[in-house]
Amino acid sequence: MRKLLIATLLFASATTNAQTQPPAPPAPAPAPEAVIGSAKAPLPQREADYIVIIQNARRQYAASKSIDARRNVRMAMQSTVHLYMGLSHRAQDWVGVFKDSKKNPEGSQSLEIEIAPGVTVATWDNPTADATSDTMLKQSSALGKLVYGLSIGEEVMFSADLLGSVVGNDDDMVLRPRVIARFSQLKKLDETDPVH
């Protein structure tokens, strides 16, 4: 009998303490994942939002256990990018690092800028692929001369019309997405006036 009484008193005491204690504060929301751009400069919001779409898809892709699941992640990423871009497929004052340029005998050159690890915005890299897009730069143009003087890894700011993603296998499209663009402005980040 005594054991029951002591247990009852302990239960009553615990209940009273529980009722008089203020409720625990809610757990803090998890911090949003950091947006990882290639340039050290602050990212414009639209560019940061685009990179977040890619980062989220990559996380889901890495967690996928089957070919079908990875394909579904790739298709969902494409849909999300398409909905996000809407009617304005314009990159305005985006930042990145100069990655590559190739000249060809026909007087044009390619341009490739990395905006986040493995995410590039580029022209086509040969005149045949570029025949209907007109993305390559004329070597003699102001943009072409600026690109010729850039060093790999140099930070740049650019504006461009984003024409679309290069279609490839699921790995390429999620882990190494490449967007073809028609560049209209470009400048080194340490310079004030963009080149058109």
Cβ pairs under 7 Å, 6+ apart or interchain, first in region 39-51 and part of a loop (DSSP other than H, G, I, E, B), second among the aromatic types (F, W, Y), ordered by first then second residue, are P44/W94
Residues of region 103-130 satisfying the condition of being among the polar types (S, T, N, Q), assigned to a loop (DSSP other than H, G, I, E, B) and in contact with a Ser or Thr (Cβ under 9 Å, 6 or more places away or on another chain): N104, S110, T123, N126
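Find the residue count for region 79-92, including only residues that are loosely packed, with under 12 Cβ neighbours inside 10 Å and either of a type in the set (G, A, S) or not in a loop (DSSP other than H, G, I, E, B) (or both).
Within region 79-92, the subset loosely packed, with under 12 Cβ neighbours inside 10 Å is 79, 83, 86-88.
This time we only want the ones that are either of a type in the set (G, A, S) or not in a loop (DSSP other than H, G, I, E, B) (or both), so: 79, 83, 86, 88.
The total comes to 4.
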Within region 131-156, can you find the residues that are out of contact with any helix residue (DSSP H, G or I) (no Cβ under 8 Å at 6 or more places or on another chain), exposed (fewer than 14 other Cβ atoms within 10 Å of the Cβ) and outside any helix (DSSP H, G or I)? A131, T132, D134, S140, G149, S151, I152, G153
Within region 182-194, does at least one residue satisfy the condition of being within 28 Å of S79 (Cα to Cα), of a type in the set (S, T, Y) and surrounded by 17 or more Cβ atoms within 10 Å (Cβ to Cβ)? no
If you go through V95, V119, the only one that is crowded, with 22+ Cβ neighbours inside 10 Å and under 16 Å from the mean Cα position of the chain (by Cα) is V119
For region 67-78, which residues satisfy the criterion of being more than 14 Å from V179 (Cβ to Cβ), of a type outside the set (A, V, I, L, M, F, W, C) and surrounded by 10 or more Cβ atoms within 10 Å (Cβ to Cβ)? R70, R71, N72, R74
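Checking the structure you have, find out if any residue of region 157-170 is in a helix (DSSP H, G or I), surrounded by 14 or more Cβ atoms within 10 Å (Cβ to Cβ) and not aliphatic (A, V, I, L, M). Working first, answer last.
Going through region 157-170, the residues in a helix (DSSP H, G or I) turn out to be 170.
Now drop any that are not surrounded by 14 or more Cβ atoms within 10 Å (Cβ to Cβ), which leaves 170.
Next, only the ones that are not aliphatic (A, V, I, L, M) stay: 170.
Yes: region 157-170 contains one or more residues that are in a helix (DSSP H, G or I), surrounded by 14 or more Cβ atoms within 10 Å (Cβ to Cβ) and not aliphatic (A, V, I, L, M).
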Inspect all residues belonging to region 58-76 and state whether any of them is in contact (Cβ under 8 Å) with a residue 12 or more places away in the chain and on the phi > 0 side of the Ramachandran plot. no
Select from region 12-66 the residues that are at pLDDT 95 or above, closer than 27 Å to S151 by Cβ and loosely packed, with under 10 Cβ neighbours inside 10 Å and list them in ascending order. none
Filtering region 172-189 down to residues that are assigned to a helix (DSSP H, G or I) and touching a residue at least 24 places away in the same chain (Cβ under 8 Å), which residue is farthest from H89 (Cα to Cα)? L175
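The values are calculated or read from the model by the stated rules, or taken from the named source; none is laboratory data. This is a predicted model, so every value here is computed, not measured. We place every Cβ from the backbone using ideal geometry, glycine too, and count neighbours over all the protein chains shown.
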